[in-house]
Amino acid sequence: MSFENAWLQYSKICNEENKKYFFRVYAPDKNRVTTSAIQELACAALKIFDCRMQPAADQDAATISLVLDQERNLGTEGYEITEADGKLQITAGAPAGLLYGSFSCIRRIQCEKPLKGFQERKLPSAPFRMLNHWDNIDGSIERGYSGTSFFFQDQKVLVDDRTRMYARLAASVGINAVVINNVNVKGNATKLIDGTYGEELRLMKEILDDYGISLYLSLNFAAPMELGGMDSADPCDPEVAGWWKEKMKELYTRLPGFGGFLVKADSEGRPGPFTYRRTHAEGANVLADAVKPYGGRIIWRCFVYNCQQDWRDKKTDRAKSGYDNFMPIDGKFRENVILQIKNGPMDFQVREPVSPLFGGLKKTNQMLEVQIAQEYTGQQRHVCYLIPMFKEVLNFHTYCKEGADTVQDIVTGKTFKTTNCGIAAVANTGDDENWTGHDLAAANFFGFGRLAYDMDLTAEEIAREWISCTFGNDSEVQEKIEKMLLMSWPAYEKYTSPLGIGWMVNPNVHYGPNVDGYEYDRWGTYHRADHLGIGVDRTKDGTGYAAQYLEPNASAYESVETCPEELLLFFHYIPYTYRLKSGKTLIQHIYDTHFEGVENVDEMVKLWNSLEGKIPEKAFTRVQKRLAHQKMHSREWRDQINTYFYRKSMIADEQGRTIY
Ligand code: GCV
């Protein structure tokens, strides 16, 4: 097994029926993306079947044909696969569709499913399917848990074989845009938009272009000052606007076809329009106007909040800030601006409600941001398969439009009839041999892409595909790893933060239990536990956050009786003696779930250990070590949380288990 190949292992499979399609390929289109598709099919044929695929003179002589056909309504990224009489045809409206169709055929043979009779028609669910890398120009990665960057090292941009391998992996699951640098743009990273790194970025863009992936950068809103020597970055100052226009002209001359920019402004110390008493629409629009002549886009993040809260103030609420900042300017953004909204109103906790901006915003392009880097969900040392969480977010009903009101409807363009929408994930890759540190964390990278391209897939289907492509089709391996993946997010939730409360982590590093870590921090993210109960009152008597939702969600969250229990403590302050629907008291629920979560981890350890000999040794040992850590660490979580609440409430565990 070559770990660098991740799920593109292309391990040997003896299947004469599937092999017979991989002899002669016909592809009249000579576009670079089509060429990548042919190369990928040839590579798979050779590695899987020992078969050297040859070009065919015409379609009649071919066993597999890649055909462009504008009449089939497949857009620029959809495809159709048809099998007839021992021949496969992949049809698409544009080369990217041929590439995705080719990867689909390859996945099918990796999963040992028959190509005979195979018919598939797919159009991507989300128009934008992006990865956001938080890589710094010194090579470090903010919230990176898989080594250092493969895009940057020591103030340099890296372009090498790994860039191509990355592009193959990303394209194989349907990713079509990547932001290579951290949204916190500092130091030399600001210079990524001028000529300093022009040649390296040109080379990188060429490789990404080969795989239908657009290159994006994060930019520094204060660049007119830091690079241009101006004394202001006021977006409404004509000189500032002129500076941006000139910069973009230079950049697009160097990098024609460049995608655009991702911007974090007025957040966590980053500069932004607020400094000049301008709105975020004014901030985004000045950039949007500058990139518009070149077809560029501005992806503007809604992660804007005041991180200097006072615990005595029970009205100010970080959860409210995204909505408070962006709802008043709905409709004020240019058409080439997309607002990127984190899935929850806080920050990638193991459980949060869906951001009320989804459903709230009606006149602005929107994109969902999730995080596959497991910042708050075990940092790629714990197994935590996040696709089930993303499915829940996508299936959430906002009630903004009858029949088209889910987050999925919004980000796929169904609700507001647009193609300026999509889904982005904060990436979980680094220069570790296996890309993601934890071998099982690769399921999140794979899964995110597959889900973004095809939101009809279930989390189970995605897990099974990933296991087959990575570890093969042994049924025991399949069943056990699938079980581990699917139990992992619920388990993590059980042994960490109960019922949507979140944040009980060590500040800054965001790893390991620390119930009061943020409670007494100036950052101001509270759980408000005392000797009687716990939870944040976000009803109208509290911060008023629940009212940001459309009805009937607002009323459902407002009342303790109708609030979904998994979010109870997010919305309400609840006494420890309160009886949940299960009949258990809140305190007993906290104890029970923490014991259960640890038992779940023990089960995962057993499942993995029983696969010894069936998984390549290096991967087996690597995962085994991380599971041993997870086992120990889940106990630490259980004990700290249980002891904390026992000491606060002085109510003993009904089952008399050890609580320190
Ligand atoms: C890139 C959280 C993370 C930060 C991150 C920020 C963001 O606060 O801890 O590391 O910064 O989110 O999404 O911008």
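The values are calculated or read from the model by the stated rules, or taken from the named source; none is laboratory data. All values reported here derive from a predicted model rather than from experimental measurement. A quick note on method: Cβ atoms are made from the backbone with ideal geometry, for glycine too, and the neighbour counts reach across all protein chains shown.
Worth pointing out:
- Residue in the range 155-166 that is part of a loop (DSSP other than H, G, I, E, B), at pLDDT 95 or above, farther than 21 Å from residue 36 by Cα and more than 16 Å from the ligand (Cβ to nearest atom) present: yes
- So residue 622, is it basic (Lys, Arg) and over 19 Å from residue 502 (Cα atoms): yes
- All conditions but one from (1) outside any helix (DSSP H, G or I); (2) closer than 19 Å to residue 242 by Cβ apply to residue 292; the one that does not is (1).
- Considering only residues in the range 401-456 that are free of Cβ contacts under 8 Å to residues at least 12 places away in the same chain and in a loop (DSSP other than H, G, I, E, B), the one that is nearest to the chain's Cα centre (by Cα) turns out to be 414.
A quick yes/no check of all residues on (1) in contact (Cβ under 8 Å) with a residue 40 or more places away in the chain; (2) outside the structural domain of residue 312 (by TED's automatic domain parsing); (3) out of contact with any helix residue (DSSP H, G or I) (no Cβ under 8 Å at 6 or more places or on another chain):
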{"residue": "508", "(1), (2), (3)": "no, yes, yes"}
{"residue": "523", "(1), (2), (3)": "yes, yes, yes"}
{"residue": "526", "(1), (2), (3)": "yes, yes, yes"}
{"residue": "530", "(1), (2), (3)": "yes, yes, no"}
{"residue": "546", "(1), (2), (3)": "no, yes, no"}
{"residue": "550", "(1), (2), (3)": "yes, yes, no"}
{"residue": "556", "(1), (2), (3)": "no, yes, yes"}
{"residue": "580", "(1), (2), (3)": "no, yes, no"}
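- Among the residues making up the range 124-138, those that are surrounded by fewer than 24 Cβ atoms within 10 Å (Cβ to Cβ) and either under 12 Å from the mean Cα position of the chain (by Cα) or within 16 Å of the ligand (Cβ to nearest atom) (or both) are 134, 136, 138.
- Scanning the range 307-344 for residues that are outside any strand (DSSP E or B) and of a type in the set (A, V, I, L, M, F, W, C), we see that the one that is nearest to the ligand (Cβ to nearest atom) is 307.
- In this entry, residue 280 passes the filter for residues that are within 26 Å of residue 550 (Cβ to Cβ) and crowded, with 23+ Cβ neighbours inside 10 Å.
- Of 264, 314, 292, 249, all but one fail to be farther than 25 Å from residue 341 by Cβ and modelled with pLDDT of 95 or more; the exception is 249.
Per-residue answers, yes or no, for (1) surrounded by fewer than 20 Cβ atoms within 10 Å (Cβ to Cβ); (2) in a helix (DSSP H, G or I); (3) within 16 Å of the ligand (Cβ to nearest atom):
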| position | (1), (2), (3) |
| --- | --- |
| 346 | no, no, yes |
| 359 | no, yes, no |
| 363 | yes, no, no |
| 370 | no, no, yes |
| 382 | no, no, no |
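- Filtering 270, 278 for residues that are more than 15 Å from the ligand (Cβ to nearest atom), out of contact with any strand residue (DSSP E or B) (no Cβ under 6 Å at 6 or more places or on another chain) and not in a helix (DSSP H, G or I) leaves a single hit, 278.
- Cβ-Cβ contacts under 8 Å between residues 6 or more apart (or on different chains), taken from a first residue in the range 175-199 that is touching a residue at least 40 places away in the same chain (Cβ under 8 Å) and part of a loop (DSSP other than H, G, I, E, B) to a second residue that is of a type in the set (Val, Ile, Thr) and within 16 Å of the ligand (Cβ to nearest atom), are listed as 181/137; 182/141; 183/263.
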